[in-house]
Number of protein chains: 2
Amino acid sequence: MKIEPLLKYIDKYVSLTQEEMDVLVSKVIYRKYLKGQYLVQQGDVCKYSCFVISGCTKTFYMDDEGQEHIMMFSVEDWWTSDMSSFINQTPADFNIQFLENTELIMIPRDIIEELYERIPKLERLFRKIIEKAFIASQKRIVRNLSMTAKDRYIYFRNQYPLIEQRIPQYMVASYLGITKEFLSKIKSQLLT
Amino acid sequence: MKIEPLLKYIDKYVSLTQEEMDVLVSKVIYRKYLKGQYLVQQGDVCKYSCFVISGCTKTFYMDDEGQEHIMMFSVEDWWTSDMSSFINQTPADFNIQFLENTELIMIPRDIIEELYERIPKLERLFRKIIEKAFIASQKRIVRNLSMTAKDRYIYFRNQYPLIEQRIPQYMVASYLGITKEFLSKIKSQLLT
DNA sequence: TAAAAATGTTAAACTAAGTTAACAAAATTT
DNA sequence: AAATTTTGTTAACTTAGTTTAACATTTTTA
């Protein structure tokens, strides 16, 4: 089980004793998935909050017309789950699919509650992680409200240059809220 | 100091002892603002996380062209702050302005840290509040990506009928990410 | 209560982005 | 290496939403 990246990540937020680490390690699940598989499907209940050790996922909503709307990508050192479903144990709004073969550390819903009780530092950790996620989410909303598609693309390219390189362009378009054809047009405009 | 609504609100998430309540009450600030005043201005550091006892606020980003983009409204029993600025003590991205005379309970940045240490239940409370806010934020992103302006307006009207009634229509338009003229058109379409 | 300010409506001209469709290039599979 | 699938491009046409501007209505202030 490759858990080092998670411990290293956690250490940036809170410092755990060896004992606390051991408890954590004994409770979580290490698992590999193949490209194309699903971690969560819309309508299912999301049972795990997952830390990406290696690989890549997309989280997307599929609308009534069968169109995908990508909410986020997760790569190494990011968390992924359908938060609404995971917290409330209600049907998931989103699909989470692997874009590459992916290694995860998975924390089950009931275990995370137990960990909060046994290791308050972990509750602090997740409070901080969610604060950060919320802040990023708010900033994305305001970008979507105030910037043109072209500027959103430029921002994305600067912010996540490595993600852009490992993901098909039509998924970037979906994440930006535009069609692949329009992104293609934007890119050709930017070249001239 | 009207603090009852806050205690009642907290009680929905965690149950505090009388002593814990007393600590909390002794640390927070009660204050009234007038319509038109600002709680936070873009560029300032946001020093408080605030619970609305009565009244109403708008949180908005002002872009380079001087256009307002409304992120959220806060009414009774909601929290408001520029989270990014409050957490990191960095310049605020947003303005928060009072749309009515408003009563607030304000928690200073350093006090909230202290409260997390003294009353772990409060850290749990805020973890849960932020989880909820994050979930709502994600759902808003997906609505903005997947729904037309008309459908977003219908959703808003159904979700927040009371807010719609106390806020000028052009602010609703800004929140939805459209012009006031287009919202006017949508509304007239919906009548026929 | 008159005047001024803030808010809301309508319509024509315009533009950013979507749709459709045909084709090109890469990547994967056979 | 050929065939197939996936991904990306281009262009003509359409549409959702913006801009501008003039005017109407409501609310606030003098």
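Classify region A:4-121 from the C-alpha gyration tensor, please: rounded if a/c falls under 1.5, else prolate or oblate depending on whether a/b exceeds b/c. Taking the square roots of the gyration eigenvalues as a ≥ b ≥ c, region A:4-121 is prolate. Loop-located trypsin sites (Lys or Arg not before Pro) in region B:1-93 (DSSP state other than H, G, I, E, B) with a sparse environment of at most 12 neighbouring Cβ atoms within 10 Å: B:2, B:12, B:35. With all protein chains kept in place, the per residue accessible area of the protein assembly as shown amounts to 48 square angstrom at a probe of 1.4 angstrom. Each label point was placed 7 Å from the Cα along the Cα-to-Cβ direction; for residue B:15 and residue A:77 their separation is 4.3 nm.
Distances between copies of residue B:1, taken at a point 7 Å out from Cα along the Cα→Cβ vector and listed shortest first: 4.6 nm.
Round to a whole number: what % of the accessible area of region A:4-121 belongs to carbon and sulfur, probe 1.4 Å? Write down the numbers at each step before the final one.
Numbers: 2640 of 5490 Å².
Carbon and sulfur atoms account for 48 percent of the accessible area of region A:4-121.
Between copies, residue A:181 shows label-point distances of 2.7 nm, shortest first, with the point placed 7 angstrom from Cα along Cα to C-beta. The phi-based Karplus calculation (6.51 cos²θ - 1.76 cosθ + 1.60; θ = phi - 60°) puts the 3J(HN,Hα) values of region B:175-186 at 4, 7, x, 10, 7, 5, 5, 6, 5, 4, 4, 4 Hz, whole numbers, x for Gly and Pro.
The spacing between region A:123-155 and region B:59-138, judged by their C-alpha centroids, is 15 Å.
A crude spin-label estimate for the pair residue A:89 and residue B:162, with each label 7 Å from Cα along the Cβ direction, gives 3.0 nm.
To make sure I understand the rule: partners must be aspartates and glutamates, Cα under 12 Å from the Cα of residue A:32, and not fewer than 8 residues away in the same chain. Which ones qualify? In chain and number order, the partners are A:100, A:103. Based on C-alpha pairs under 8 angstrom that are at least 6 apart in sequence, chain B has a relative contact order of 23 percent. Between this copy and the others, label points of residue B:22 are 4.1 nm apart in ascending order, each placed 7 angstrom from Cα in the Cβ direction.
Would you be so kind as to list the residues of region A:66-93 that have their accessible area lowered by at least 20 Å² in the full protein complex compared with their chain by itself (1.4 Å probe)? Relative to the lone chain, where solvent access is computed with a 1.4 Å probe, region A:66-93 loses at least 20 Å² at A:69, A:71, A:83, A:84, A:87, A:93. Going by the alpha-carbon gyration tensor, a ≥ b ≥ c the square roots of its eigenvalues, is the protein assembly as shown rounded (a/c under 1.5) or, if a/c is not under 1.5, prolate (a/b greater than b/c) versus oblate? Oblate, since a/c reaches 1.5 and b/c is not below a/b. Out of region B:1-88, which GluC sites (Glu not before Pro) are coil in DSSP terms and have no more than 16 other C-beta atoms within 10 Å? Qualifying residues, ordered by number: B:65, B:76.
Close amide H pairs (under 5 Å, H built 1.01 Å from N) link residue B:54 with B:103, residues at least 5 positions away or on another chain. The H on the amide N of residue B:71, modeled in the peptide plane, is under 5 Å from the matching H of B:59, B:60, B:61, each at least 5 residues off or on a different chain. Heavy-atom accessible area buried between chains A and B is around 3300 Å² (1.4 Å probe, both sides summed). Legend: residue pairs A:128/A:180; A:58/A:132; A:12/B:132; A:139/B:27, Cα-Cα distance threshold 28 Å; pairs beyond threshold, A:128/A:180; A:139/B:27.
The values are calculated or read from the model by the stated rules, or taken from the named source; none is laboratory data. Since the model is a prediction, treat every value here as computed from it, not as a measurement. Note that we place each Cβ from the backbone using ideal geometry, even for glycine, and neighbour counts take in every protein chain shown. Accessible surface is based on the protein model in full, side chains and every heavy atom, while ligands, DNA and RNA are left aside. Shrake-Rupley method; radii C 1.70, N 1.55, O 1.52, S 1.80 Å.
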